[in-house]
1. Which number in (1) within 23 Å of the chain's Cα centre (by Cα); (2) assigned to a helix (DSSP H, G or I) marks the one condition that Val23 misses?
2. Name the pairs: first residue in segment 32-59 and farther than 19 Å from Val275 by Cβ, second residue outside any strand (DSSP E or B) and among the charged types (D, E, K, R), Cβ to Cβ under 7 Å, at least 6 apart or on different chains?
3. Does Arg273 count as charged (D, E, K, R), part of a loop (DSSP other than H, G, I, E, B) and within 22 Å of Val119 (Cβ to Cβ)?
4. Determine if segment 131-143 includes at least one residue that is within 16 Å of the ligand (Cβ to nearest atom) and over 20 Å from the mean Cα position of the chain (by Cα).
5. I'd like to check something: does segment 204-213 contain any residue that is within 29 Å of Lys150 (Cβ to Cβ), modelled with pLDDT of 95 or more and near the ligand (Cβ under 7 Å from one of its atoms)?
6. I want to confirm something. Restricting to segment 222-239 and keeping residues that are in contact with a helix residue (DSSP H, G or I) (Cβ under 7 Å, 6 or more places away or on another chain) and near the ligand (Cβ under 10 Å from one of its atoms), which single residue is farthest from Asp180 (Cα to Cα)?
7. Please go through segment 169-187 and give me each residue that is buried (at least 17 other Cβ atoms within 10 Å of the Cβ), more than 19 Å from Ile132 (Cβ to Cβ) and more than 6 Å from the ligand (Cβ to nearest atom), ordered by number.
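The values are calculated or read from the model by the stated rules, or taken from the named source; none is laboratory data. None of these values were measured; they are calculated from a predicted model. Cβ: placed from backbone, ideal geometry, glycine included. Neighbour counts: every protein chain shown.
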Amino acid sequence: MNDETAATHWILTMSCPDQPGIVHAVAGMLAEHGGNITESQQFGDPASGLFFMRVQVESTASRDDLTAAMTQVAERFEMTWTLDVVGRRIRTLVMVSKAAHCLVDLLYRERSQRMPIEVVGVVGNHRDLEDIATFYGKPFHHVPVTKDTKAEAEATLRGLVTDLDVEVVVLARYMQILSDELCRDLSGRIINIHHSFLPSFKGAGPYRQAHDRGVKIIGATSHYVTGDLDEGPIIEQDVERVDHSRTVEDLVGIGEDVERRTLARAVRWHAERRVLLDGRRTVVFR
Ligand SMILES: Nc1nc2c(c(=O)[nH]1)N[C@@H](CN(C=O)c1ccc(C(=O)N[C@@H](CCC(=O)O)C(=O)O)cc1)CN2
């Protein structure tokens, strides 16, 4: 097979009002463009009346030809859709404060090529983790935040998102609350890891809250960030058993492993275009 006919492995995602004929129309369009479907998942949500689909397809058609054909199908079914290439590394900006475990985990997973992300920079409101970013060869941007400088700090962040062509921002235990406006402007593109099994123990100090409550399970929640603190659409959650003998510090240490693996799954699934927004919820085609 020469270069002109080399097939590309595409990811096509879509959501639209549920109705008959969607899968037939999409599959037919892809077949007409020499597409060989290698993975297909779909879900019709009776609660929202929306239909969701994720397809991986090999095709020799050009991006322009597939885009033109998909545009026609999308107009017919009022679809919101994306077309990307399998394995493309998503340009990622990681934001941190002082806790290192999630940052280190993401940078290691990128370096070992086990996660399709390209970390284009690390933003910290403290300098504690600058050495880790530097070790991994990543630019570190110190953007301190106080009540009086929050607007300026967010303007700097917006500049970085634009200048670095950032596709997703990951809050890796970043401990500053982002403004409603920024969350709206980057809706569906900011992922947070909250160190509790939401909706339990929102806000600051969830392990202290959990210890005071005497829980027997702790957890972590990765979610898209909205203006409502820790209320964004949940992408992934995980838990670990604990008992009465554990101190708050013990819970923090046990929780770090839960947080890292929960955030890693969420970022991977986002990068692989497996997460679709369904109002305040998500559909995750794992
Ligand atoms: N708009 C949003 N911003 C952030 C969210 C979010 O869901 N929406 N998640 C947080 C992370 N986080 C929990 O996961 C969290 C971070 C910080 C606090 C907090 O209360 N911090 C300070 C106040 C800081 C500030 O005013 O900016 C405090 O301890 O008093 C609660 C939860 C990241 N940002």
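1. (1)
2. Short answer, once both residue conditions are applied: His33/Asp65; Gly49/Asp18.
3. Values: charged (D, E, K, R): yes; part of a loop (DSSP other than H, G, I, E, B): yes; within 22 Å of Val119 (Cβ to Cβ): yes.
When the stated conditions are applied, Arg273 passes them.
4. Start the filter on segment 131-143 by keeping residues that are within 16 Å of the ligand (Cβ to nearest atom), which leaves 143.
Cutting the leftovers down to over 20 Å from the mean Cα position of the chain (by Cα) gives us 143.
For segment 131-143, residues within 16 Å of the ligand (Cβ to nearest atom) and over 20 Å from the mean Cα position of the chain (by Cα): present.
5. no
6. Checking each candidate, the answer is Ser222.
7. Kept after step one, since they are buried (at least 17 other Cβ atoms within 10 Å of the Cβ), are these residues of segment 169-187: 169-174, 178, 182-183, 186.
Right, trim to more than 19 Å from Ile132 (Cβ to Cβ) and you get 178, 182-183, 186.
Those that are buried (at least 17 other Cβ atoms within 10 Å of the Cβ), more than 19 Å from Ile132 (Cβ to Cβ) and more than 6 Å from the ligand (Cβ to nearest atom): Leu182, Leu186.
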